[in-house]
Amino acid sequence: MEITSVTVRKFEKDGNRMKGIATVVIDNSFAIHDIRIIEGDNGLFIAMPSRKTATGEYKDIAHPINTDVRNMFQQAILDEYNKPSEE
């Protein structure tokens, strides 16, 4: 599996813990939208797309099955997030 594209839309609002939204394309074949970039107590991390259940819990719609793949997603997204903007 290869991440072939990452796009990030940054949010510039002060005081907001959500810093952006990412889309990841895998093998030029499959896209995952609405991956949130969150500012946590220990730095930035990603949160996979989710929806609220009838009980009020949030469940991921799509997510990596193991830590290595999750780290691969997080690194690719945060690398793109940290690139200087082209204005």
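The values are calculated or read from the model by the stated rules, or taken from the named source; none is laboratory data. The model shown is predicted, which means the values in this text are computed figures rather than measured ones. No Cβ is skipped: glycine too gets one built from the backbone with ideal geometry, and neighbour counts run over all protein chains shown.
Data for the structure
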| item | result |
| --- | --- |
| Some residue of region 59-73 being surrounded by 10 or more Cβ atoms within 10 Å (Cβ to Cβ), modelled with pLDDT of 95 or more and part of a loop (DSSP other than H, G, I, E, B) | no |
| Complete set of residues in region 8-38 that are exposed (fewer than 14 other Cβ atoms within 10 Å of the Cβ) and part of a strand (DSSP E or B) | 9, 10, 18, 30, 31, 33, 34 |
| Residue list for region 33-70, filter: farther than 15 Å from residue 18 by Cα and in contact with a helix residue (DSSP H, G or I) (Cβ under 8 Å, 6 or more places away or on another chain) | 63, 64 |
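Per-residue answers, yes or no, for (1) out of contact with any Ser or Thr (no Cβ under 9 Å at 6 or more places or on another chain); (2) under 19 Å from residue 4 (Cβ atoms):
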{"position": "35", "(1), (2)": "no, yes"}
{"position": "39", "(1), (2)": "yes, no"}
{"position": "42", "(1), (2)": "yes, no"}
{"position": "47", "(1), (2)": "yes, no"}
{"position": "53", "(1), (2)": "yes, no"}
{"position": "56", "(1), (2)": "yes, no"}
{"position": "61", "(1), (2)": "no, no"}
